[in-house]
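Below: the structure, in C-alpha cells.
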Amino acid sequence: MFWREQHGRSYLIRTSTAGAQTSLGPRGEETVGIYERFTEKKRVDEERVRQLKTALAEQQRLNRALRVGRAPPIVIDTLNAIAKADLHSNFTVIGTHALYAYEAAAGVMLEAGATATQDVDLLFDTRKRLNFWSRLQRLDTSFLAVLRQADKTFRVRTGQRYTVVNDKGFEIDVVRRLAVEDDPHPLRLSGDEEDLWPVQIATGQTLLNAMRFSQMVVSASGSMARMPTIDPRTFVRVKRWLAAQAARDPLKRRKDALQADTVDAMLAQYLPHLEAHS
C-alpha cells in the first residue's frame, strides 16, 4: 500500500502481486488506520522472513557439512522454481528421481546404480489444467520460463517438444495421462509457442490415481526442496509392470526390476508403517 497525491488530496492505493492497483479512499481516520495496520504487519512479516532465511542458510550449511543429501542440485532448483510459481500441485515427480524422496523418508542411501539418471520426469495433472493455465496467465509467463528460473539454459529439445535440456545435458520430461473425457490433445502448457507439449504415457492414469507422497529432499550442496511424488507402493507396482513389458528396452527393464526390488525391500525394513496401511 502507498499514498498517492491526486487533485490536491492523498489517496491510499493497494497493489496486487500482479500489479493491479485499487484506491481505498482519501486520507482519513479509516484509511490511515488501514495503512498503519498494514505497515506493522509488513514489518513483522519481513522480520519473520529474515529469520527464516537465516535459519535456512544455517540448515543448508549443516546439511552440507554432514553430507545429509545427494539429490542433484538442478532437481532441487526445479522443484523450488515450480513451488515459487505456486504450480506444485499440478506436477508429480515420477520415475527414478522419486527414489530420493523414499530414501530420505527411510533414512538410508541407495546404491548409485538404482538412482543413476540424467533426466527427471514430471507428470502433469490434466484434471487441474484450468487452474494451471489461470495461474500462468496471472503471472504472465510460460512453464518454460518457470523452469528457466532454475536454469536459464533450459531449452525445448528439437523434435521432442515434451523435453527441456540444459547446457550440461540434464533433461526434464513432462508427461501426461492418455487423453480421456474432455482432455485436450495435443496439449501445450501455455499460449507461448515455445512452451512444452506433454507426451502421453500408458501408466499416467495409474500414477494420477496413486496416493501422494511428499518428502523434503536435500542436495549435496545442502539446498532443500519438497518433492511431491507417488506412494512407494504404487512405484513398486508400476515398475514391476514395466519390467514385464517385452517391448521395453532390456536395459530399462532390468533397471525397473532393480528399482522395484529396492523400494520393496526399503518398505519392509524401514517404512513398515506404510506397509501396514496397504
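Cβ-Cβ distances below 9 Å connect the following pairs, each with a first residue in segment 81-106 that is at positive phi, a second residue that is of a type in the set (Ser, Thr, Tyr), and a separation of six or more residues or different chains: Gly95/Thr117. Of Ala145, Ala179, all but one fail to be crowded, with 16+ Cβ neighbours inside 10 Å and either over 24 Å from Asp86 (Cβ atoms) or in contact (Cβ under 8 Å) with a residue 12 or more places away in the chain (or both); the exception is Ala145.
Selection over segment 55-82 of residues that are within 26 Å of Val146 (Cα to Cα), buried (at least 16 other Cβ atoms within 10 Å of the Cβ) and of a type in the set (A, V, I, L, M) gives a count of 7.
Only a single criterion out of (1) acidic (Asp, Glu); (2) surrounded by fewer than 16 Cβ atoms within 10 Å (Cβ to Cβ); (3) in contact with a strand residue (DSSP E or B) (Cβ under 9 Å, 6 or more places away or on another chain) is not satisfied by Asp195, namely (2). Of all positions in segment 188-211, none carries a residue that is out of contact with any Leu (no Cβ under 9 Å at 6 or more places or on another chain), touching a residue at least 12 places away in the same chain (Cβ under 8 Å) and on the phi > 0 side of the Ramachandran plot.
Pairing each residue of segment 1-14 that is free of Cβ contacts under 8 Å to residues at least 40 places away in the same chain and within 16 Å of Glu36 (Cα to Cα) with any residue that is among the basic types (Lys, Arg) and assigned to a strand (DSSP E or B), provided the two are 6+ apart or on different chains, yields C-beta distances under 9 Å for Met1/Arg14; Phe2/Arg14; Ser10/Arg4; Tyr11/Arg4; Leu12/Arg4; Ile13/Arg4.
One line per residue, one yes/no per condition, for (1) assigned to a loop (DSSP other than H, G, I, E, B); (2) at pLDDT 95 or above; (3) more than 18 Å from Leu79 (Cα to Cα):
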| site | (1), (2), (3) |
| --- | --- |
| Ser134 | no, no, yes |
| Arg138 | no, no, yes |
| Ala145 | no, yes, no |
| Gln149 | yes, yes, no |
| Arg161 | no, yes, yes |
| Asp173 | no, yes, no |
| Glu181 | yes, no, yes |
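The values are calculated or read from the model by the stated rules, or taken from the named source; none is laboratory data. In this text, all values refer to a predicted model and were calculated from it rather than measured experimentally. Cβ atoms come from the backbone with ideal geometry, glycine included; neighbour counts cover every protein chain shown.
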